[in-house]
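A short write-up of the structure that comes next.
Please treat every number below as a calculation from the coordinates, not as lab data. These figures come from a predicted structure and were not determined experimentally. Here Cβ is always computed from backbone atoms with ideal geometry, including for glycine, and neighbour counts include all displayed protein chains.
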Amino acid sequence: MTATLDTTPRLKRPDDIYQALMDAQKAMTAHEADLFRARLVLLLANQVGDDAVVLAAIAAARPDPS
């Protein structure tokens, strides 16, 4: 079975999640915020638990090179 990235919105309150993410970084320096986001991504990738899906998400998140 091949896992695929599901981009269907599933959060019930995405604006609240976004606000919590912004609030968590308010008092951080740029470097601290970078480290925070890296830790968060790794925690969420571990929660997903599927290397192929995580790699697909990384590819999908890259800016379009056009």
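Dipole check for the chain: with +1 at the C-beta of Lys and Arg, -1 at the C-beta of Asp and Glu, and the Cα centre as origin, the magnitude is about 120 Debye.
The phi-based Karplus calculation (6.51 cos²θ - 1.76 cosθ + 1.60; θ = phi - 60°) puts the 3J(HN,Hα) values of region 4-18 at 10, 6, 9, 9, 5, x, 10, 6, 6, 9, x, 5, 5, 5, 4 Hz, whole numbers, x for Gly and Pro.
Going from the residue with the fewest nearby Cβ atoms within 10 Å to the one with the most, LEU44, LEU5 rank LEU44, LEU5. Angle of helix 30-48 to the longest C-alpha principal axis of the chain, folded into 0 to 90 degrees and rounded to 10: 30°. Spin-label model, ARG13/ALA45: points 7 Å from Cα along the beta carbon direction are separated by 2.9 nm. In terms of Cα atoms, the Rg and Dmax of the chain work out to 14.0, 44 Å. Per-residue ellipticity at 222 nm from helix content only, as computed over the chain with -39500 (n - 2.57) for each DSSP H run of at least four residues, stands at -20500 deg cm²/dmol.
Placing unit charges on each Cβ (+1 for Lys and Arg, -1 for Asp and Glu) gives region 25-66 a dipole about its Cα centre, and among VAL48, ALA38, ALA59 the Cα reaching farthest toward its positive end belongs to ALA38.
Here the spin labels are modelled as points 7 Å beyond Cα on the Cα-Cβ line, and at LEU35 and ALA60 they lie 3.0 nm apart. Sorting 21-30, 50-59 by average packing, meaning the other beta carbons within 10 Å per residue, from highest down gives 50-59, 21-30.
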